[in-house]
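Below is one structure, written out as structure tokens; comments come after it.
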């Protein structure tokens with residue numbers, strides 16, 4: 001059966017729970033339709049490779065889906081196969097189950113994120129690769145600068161709001177980690193130019209979705225203008 005965390009994400013995306021056989025059948029048909037769209041989009045390439053028959057990025061059989069959702073009565077609980085977990089994860093907007101699993105572990109506090117800087121614990125770091133597409137991230141930094149980003153996948157963010165900053169609205173930036181109290185490292189996608197902000201004092205008032213990401217208490221006294 002699927003983890004409770006995944007079930008809740010499915011309920012949010014679908015707008016309802018998957019409690020009845022009709023609910024499961026409608027979800028099965030939705031996955032099947034998405035699968036066919038994805039297959040058609042790559043049909044020519046898959047045909048040349050001879051892999052068209054085996055390419056099913058979303059489709060899961062109705063019986064298997066019932067078991068994964070815990071709706072098949074009288075059967076023992078079994079661990080879903082990885083390929084089916086990948087299909088559910090793709091439906092939820094992740095590259096695969098590994099990314100979703102990592103998010104689950106981070107949210108449950110069972111792993112600590114690091115961004116490669118020796119000796120610094122980043123347990124409150126936003127690991128951008130595991131965000132869902134459409135997630136809104138907001139933060140501020142000295143002096144009186146505010147940024148609002150929308151996640152587009154592949155570590156890329158669209159700038160929706162830029163107040164007193166050289167980070168340009170309407171542009172895409174590649175960002176891998178966002179950490180309260182630390183400098184932000186980014187790369188403007190079109191030009192490839194690096195971008196840094198929060199050099200003095202780091203980011204503060206960081207919000208991911210509707211969740212505030214807590215970090216160290218920041219000093220109000222900042223003297224270096226870094227942008």
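The values are calculated or read from the model by the stated rules, or taken from the named source; none is laboratory data. Here the structure is a predicted model, which means the values were calculated and not measured. In this analysis, Cβ positions are derived from the backbone assuming ideal geometry, glycine residues included, and neighbour counts consider all displayed protein chains.
Overview of results
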quantity	calculated
Close pairs from segment 61-80: first more than 16 Å from residue 10 (Cα to Cα), partner modelled with pLDDT of 75 or more and assigned to a loop (DSSP other than H, G, I, E, B), Cβ under 6 Å, at least 6 apart	77/1
Residue within segment 202-210 that is over 19 Å from the mean Cα position of the chain (by Cα), part of a loop (DSSP other than H, G, I, E, B) and at pLDDT below 90 present	yes
Residue list for segment 183-198, filter: more than 14 Å from residue 140 (Cβ to Cβ) and assigned to a loop (DSSP other than H, G, I, E, B)	189, 190, 191, 192, 193
Condition check for residue 95: more than 19 Å from residue 1 (Cα to Cα), out of contact with any strand residue (DSSP E or B) (no Cβ under 6 Å at 6 or more places or on another chain), modelled with pLDDT of 80 or more and outside the structural domain of residue 182 (by TED's automatic domain parsing)	yes
Failed item, numbered, when residue 106 is tested on (1) under 13 Å from the mean Cα position of the chain (by Cα); (2) modelled with pLDDT of 85 or more; (3) surrounded by fewer than 20 Cβ atoms within 10 Å (Cβ to Cβ)	(2)
Top-ranked residue of segment 135-181 - restricted to ones that are in contact with a helix residue (DSSP H, G or I) (Cβ under 8 Å, 6 or more places away or on another chain) and surrounded by 17 or more Cβ atoms within 10 Å (Cβ to Cβ), ranked as nearest to residue 91 (Cα to Cα)	151
Qualifying residue in segment 51-67 (condition: assigned to a helix (DSSP H, G or I) and closer than 25 Å to residue 131 by Cβ)	no
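Matching residues to (1) surrounded by 15 or more Cβ atoms within 10 Å (Cβ to Cβ); (2) more than 27 Å from the chain's Cα centre (by Cα); (3) assigned by TED's automatic domain parsing to the domain that holds residue 15:
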site	(1), (2), (3)
33	no, no, yes
37	no, no, yes
45	no, yes, yes
51	no, yes, yes
55	yes, no, yes
61	no, no, yes
66	yes, no, yes
